[in-house]
Each structure stands twice: as structure tokens, then as C-alpha cells.
Amino acid sequence: KDLKTGLRMTMSGVPWLVGDQVTEFIGTHGASDRGKRSLELELAGIIEVYALAETDAWKAVVELLSRSKHVHVAGFQTERGIAATLADQLQYAREGVHIVDSSAGHYHDLFAVSPEGRCLVLVDMRRYSEQAYALAEQAHAEGIPIVMITDKFCDWIRKFTDHVIAVPTEVE
């Protein structure tokens, strides 16, 4: 009976006051200065991403992804798994989402047909992949709209697209 009551209280929509837990962690758990700073940066980044999701730029990306008949998602090196996860999640919401097979290096599934109705989502962070640059360059030349999910330090993507989701990645 006590468990049910406790669950009812927890699951009833009462807000979880994370601020209290952060204050407690920083104040009483003896976190190092570096650990405290890293936590602060990570929480600030999360808040920034939530704010980003309210912008006109975000709405334009959502519009592009929703109206494109085919959405191709690519990531290289360590971002390949993130790209695959994004593609899997988008497949729950809509048809026509494909993970770009980079193993052959020719990207036939993206470039062999008309660019009309297609878009490319690239995921690339620090230590940017030469493959991501080449793919963005070719997609731009072919007239395929590009969405780039990257960090704030990517200085080359804006010559190929305005659809850039630049997220904070700074932590200690």
C-alpha cells in the first residue's frame, strides 16, 4: 500500500526539482571543481538545446525533414552510431528515411536518382570527417538540401547550407 501511494505521488506529474538535487550534489557530495564545472556546462548545454528547439531555424529544419520524400542520414567515424540512431528514430515518425551506407564510398542511393524530394542529414562533430565535407560538397552541387547536426566549432558547413543545428559540446 505504501509503495502504491509513493508511486502515485511520483507519477502524478509533480515536477522533479532537479535544481535541488544539483545544489545538493555540488554542495554536499564533495564534487571536485572540475566535476562541478563540467556538470554546469552540461546542464547549460541541455538548456541551450531546448531553447534551440524553439527557434525559426529549428522549425525550418523540421519543415524540410517533414516535406522531403526521402531523408538520407549519414555520420562517419564516431558519429556513425549517432546518425544510425537518429535514422532509426525518424523511421518511427515517417517513411522514406535511409541511413547512408558509407562502406562503398560512392553513395549511389543518394546520388543515382533525381535530387528532387530528397534531403541529407549529416552528423559530424570535432575532428570533422573528410567524407562528411566531400558528401556535403557533392550534395550541395547536386541541389540536395542538407541539414547538419554539429558542434559550435564547425566552420565549413555554412557554405553548403543554412540548416545547421549547432549544439554545445563543451564539458571539462
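Applying the criterion of being touching a residue at least 12 places away in the same chain (Cβ under 8 Å) and aliphatic (A, V, I, L, M) to the residues of the range 105-120, the residue that is surrounded by the fewest Cβ atoms within 10 Å (Cβ to Cβ) is Leu110.
Scanning the range 76-104 for residues that are part of a loop (DSSP other than H, G, I, E, B), more than 18 Å from His163 (Cβ to Cβ) and touching a residue at least 24 places away in the same chain (Cβ under 8 Å) returns Phe76, Ser102.
Looking across the range 147-171 at every residue that is surrounded by fewer than 20 Cβ atoms within 10 Å (Cβ to Cβ), among the hydrophobic types (A, V, I, L, M, F, W, C) and touching a helix residue (DSSP H, G or I) at 6+ places or on another chain (Cβ under 8 Å), the one that is nearest to Gly45 (Cα to Cα) is identified as Val167.
Specify the residue that is farthest from Gln91 (Cα to Cα); the eligible residues are those in the range 53-81 that are open to solvent by 40 Å² or more (accessible area, probe 1.4 Å) and among the β-branched types (Val, Ile, Thr). Among residues in the range 53-81 that are open to solvent by 40 Å² or more (accessible area, probe 1.4 Å) and among the β-branched types (Val, Ile, Thr), the one farthest from Gln91 (Cα to Cα) is Thr55. Would you mind finding the one in Gly45, Gly27 that is part of a helix (DSSP H, G or I), modelled with pLDDT under 95 and under 18 Å from Asp124 (Cβ atoms)? Going through Gly45, Gly27 in turn, just one is part of a helix (DSSP H, G or I), modelled with pLDDT under 95 and under 18 Å from Asp124 (Cβ atoms): Gly45.
Looking across Ala166, Ala141, one residue alone is among the hydrophobic types (A, V, I, L, M, F, W, C) and either assigned to a helix (DSSP H, G or I) or farther than 22 Å from Val49 by Cα (or both). It is Ala141.
The values are calculated or read from the model by the stated rules, or taken from the named source; none is laboratory data. Treat the numbers as computed from the prediction; the structure is a model and nothing was measured. Positions of Cβ are backbone-derived with ideal geometry, glycine not excepted, and every protein chain shown enters the neighbour counts. Side chains are part of the model used for accessible areas, which takes the heavy atoms of the whole protein and leaves out ligands, DNA and RNA. Shrake-Rupley method; radii C 1.70, N 1.55, O 1.52, S 1.80 Å.
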